Amino acid sequence: MRLVLASWLFAVTLVAQPDFHLKLDESGATWKHTTVVADGHRGGAASFSHERAVIDVGPCPVHGTKPFTLRAALRTRHGGFSTMLMARSGDAVGLSLIMGRRRGCVSFEAWSWTTVRLISKTRVDDGRWHVIEVPYDPGTKTALLIVDGTVEAAGVLGPGASPDAHLRLGNNIGAWQPYPGDLDEVSVVRRTRYRKRFARVANAMRPVISRAEHARDLAALRARSFPKTSPLLDDAKTWPQRRLAVRRGVQDAIGLLPWPRRAPLAPQVHGELKTRGCKVQRVSFATWPGYRATGWLWLPDPQPKGRLPAILCPHGHWSNGALHHDVQARGIRLSRAGYVVLFVDSVHVEDVAAGVSSLGAMTWNNVRAIDWLLARDDVDPDRIGVTGASGGAQQTMYLMALEDRLAAAAPVCMTSYFAEIVSDTSAHCGCNHPPRIEHEVDVPAMCAVFHPRPAFFGTVTGDWTHNWPREGMPQIRRVYEEHGHRDRLVAYHEHAGHNYGRPMREQVYAFFDRLLLGKAGRVVEGDVKPLPVSDLLALGPPPRVPPSHRAMITEHRARRAKVKNLRPLAPGLPWKIARSPSFVKQDAGRWLRFTIESHDGVRVPGAMRGTFLDDTTPIPVVIGEHGLGDVLLSPPPWLENLPRVVLCDPRFRGAFAPFAGAWRRNGLVLGRGEGYEAAHDIACFVASLPSQAPVTLVALGDSGPSALIAATLTRRIRKIIATDLGSLYAKDGNRTPHLPEILRFGDLPELVALASKTAKVEAGLGRKLVNAEVAAALRD
């Protein structure tokens, strides 16, 4: 490998910011499992065909206050997710080229990668060489993605930096995302050109309203949508009559209504290790069709005769899962004290369109674990408890809502109102987001379903549970006190960070010992030296292997009830649109920029060109795949020929993009999924435009599904031209826009049929409409 440095920089910028140019036509010391191929873009090139192939280049500091231009030539036939190159230090990303955010397309991502991704319009997985260029201008904080000489995307990156970044080719740093392809002519120079292009981009990307104003709108919506109140528990006296309705709502939201079929458990013991006073077995048992949950069964050694109390212990996101030393400590101490203790390995699997959620998958594994405990002749069926921390406590909460076979429960470091774990710019773990759950129930009510059985709530000052003693716990306490069960409720609040450490564990031991062993008093954990993780892993099947994604979809679609319309899939939305009185002009020019207030008070940006005095000629309303700024930057040829046209930025496109990741998850739990939300924005926007003229929606890229749904909300939409509806949701249920549980209604053909009842639809179903077809459809 030849590394070419600008000579005038050589003496000083090795400690500052050097330009470099990697020709990649010969290997070097930093090449690992990487080979040279002769037919590069220029001369030889680096081939990353080996899954462990990387080239660690070295320091590549990136500052948002300094210009740079990244260039690389790539060749691949792999369109799935991979990292071609990455400059980062820890969590601070400097720059990267990612394949597969959209299949076959390349994405440039920098320090703001969670909210800003410049994705190519052209697929580059055709096995030919493609030249990627990314210039960045610090004055406008804007980057361009140029593919083979054509600007295909632009975005405002905002402030940021990764001053200690190191550059790697062929994979991510800190994550396993190997790139199966070739790279050549990789360079980073600390300057840029394209001054006129940047000026044009800055004008096109100029927001209708500021990001701060969008943030205020969404913060107000979040505050209204995630209240820290529990109206379900306001009438504590009648709670026993209402708790089963809450249970049904929880069961439905996590996809377990009706219950899955209970196949024979067929438990197996794969191996065993002994330590002082106890032993642990590697076990598995049947849960979902074709799937065996794995776990760790801790038993007293020697084991007393007769039936013993049992504790089910779901675990959270600790390193090594159930084998983390704090998790093992519980198994060792509880089994030595005379309990049968079962840890079930947590797994994550999600298909938004089918309603498959990680919580549903894990909860059913835990229900089947209880089945197994009850089937054992060494377990007392009347003395089964459950405890877990963090994600394990979350699983505990859902079991508290669904299971009558538990005698006691102790969730630790999880209980809080949803408001504590949501924001507008970042999302908690995906396992916190089953569809519609916050619309159906709040956390205090979910936990109160467990009444009148004893419950322990462990919280701390240093995580999202910090307010639980004041917000949530009092509501549950009222229910227990109203029915004379105050002594069955224990709350322990610790001045500590997120943990299930020894002080907390000893409180939980005392709680269970009093209830299930009949032993009162303070508990000291004692010596609980964990077993070596390597020895435990050698016992049997690897932990945390999720169920088959395709099998889970098939099972859910066969079992779950179908719906006749879309309302049950997004009950958090009104499904009725009124004309908004809030049409606010922001600025004039060739394009008049304005906002229209949507159904929930969030302002939707728009831009229009031409006169709107004609009430008969249809108004074309264009929804850009990446927002109105992208349409203005690279207008399709048919756009310039339209005498009047309107551009619309529904959620979460264009100006809303920085909030898309967080609100994609927020909308899921609120019962207002991303695609349904966008449909309401589009319908409200269309209904509120000046004049009474009918509207032709032109939906570019993946905005098509939302446009189809919007036609069911307002009759002003007379025609829809959807250029590319994308893959069927049955093939990719996690595609965008998210349409939670849409497969309970149908798929894209059914949405086309639904929209066709009120509008003429011309859609790219299974193929893309070319510009000539769009132009012809607009003339028709």
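The values are calculated or read from the model by the stated rules, or taken from the named source; none is laboratory data. A quick note: this is a predicted structure, and the numbers were derived from the prediction, not measured. Here the Cβ positions follow ideal geometry from the backbone for every residue, glycine too, while neighbour counts run over all protein chains shown.
Figures for the structure shown
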{"quantity": "Strands (runs of 3 or more DSSP E) completely within the stretch 332-446 that count 2 or more residues being surrounded by fewer than 20 Cβ atoms within 10 Å (Cβ to Cβ), assigned by TED's automatic domain parsing to the domain that holds residue 295 and among the acidic types (Asp, Glu)", "calculated": "379-389"}
{"quantity": "Among (1) in contact (Cβ under 8 Å) with a residue 40 or more places away in the chain; (2) in contact with a Gly (Cβ under 9 Å, 6 or more places away or on another chain); (3) within 29 Å of residue 38 (Cα to Cα) - the single one residue 107 does not satisfy", "calculated": "(1)"}
{"quantity": "Where residue 484 falls short, out of the listed (1) assigned to a loop (DSSP other than H, G, I, E, B); (2) within 26 Å of residue 227 (Cα to Cα); (3) without any contact (Cβ under 8 Å) to a residue 40 or more places away in the chain", "calculated": "(2)"}
{"quantity": "Subset of the stretch 101-146 [acidic (Asp, Glu) and out of contact with any Ser or Thr (no Cβ under 8 Å at 6 or more places or on another chain)]", "calculated": "126"}
{"quantity": "Which numbered condition residue 460 fails, given (1) among the aliphatic types (A, V, I, L, M); (2) in a loop (DSSP other than H, G, I, E, B); (3) surrounded by fewer than 24 Cβ atoms within 10 Å (Cβ to Cβ)", "calculated": "(2)"}
{"quantity": "Residue within the stretch 241-257 that is in a helix (DSSP H, G or I), at pLDDT below 95 and under 27 Å from residue 359 (Cβ atoms) present", "calculated": "yes"}
{"quantity": "Single condition residue 66 does not satisfy, out of (1) buried (at least 16 other Cβ atoms within 10 Å of the Cβ); (2) more than 24 Å from residue 423 (Cβ to Cβ); (3) not aliphatic (A, V, I, L, M)", "calculated": "(1)"}
{"quantity": "Which listed residue, of 600, 535, is acidic (Asp, Glu) and outside any helix (DSSP H, G or I)", "calculated": "600"}
{"quantity": "Tally of residues being buried (at least 19 other Cβ atoms within 10 Å of the Cβ) and either assigned by TED's automatic domain parsing to the domain that holds residue 158 or touching a strand residue (DSSP E or B) at 6+ places or on another chain (Cβ under 6 Å) (or both) across the stretch 463-472", "calculated": "2"}
{"quantity": "Residue in the stretch 640-651 that is part of a helix (DSSP H, G or I) and farther than 28 Å from residue 571 by Cβ present", "calculated": "yes"}
{"quantity": "Selection status of residue 544, within 30 Å of residue 315 (Cα to Cα) and touching an Asp or Glu at 6+ places or on another chain (Cβ under 8 Å)", "calculated": "yes"}
{"quantity": "Residue list for the stretch 663-700, filter: aromatic (Phe, Trp, Tyr) and under 19 Å from residue 419 (Cβ atoms)", "calculated": "663"}
{"quantity": "Residues that are among the basic types (Lys, Arg) and either more than 21 Å from residue 33 (Cβ to Cβ) or in contact with a helix residue (DSSP H, G or I) (Cβ under 8 Å, 6 or more places away or on another chain) (or both), drawn from the stretch 158-205", "calculated": "190, 191, 193, 195, 196, 197, 200"}
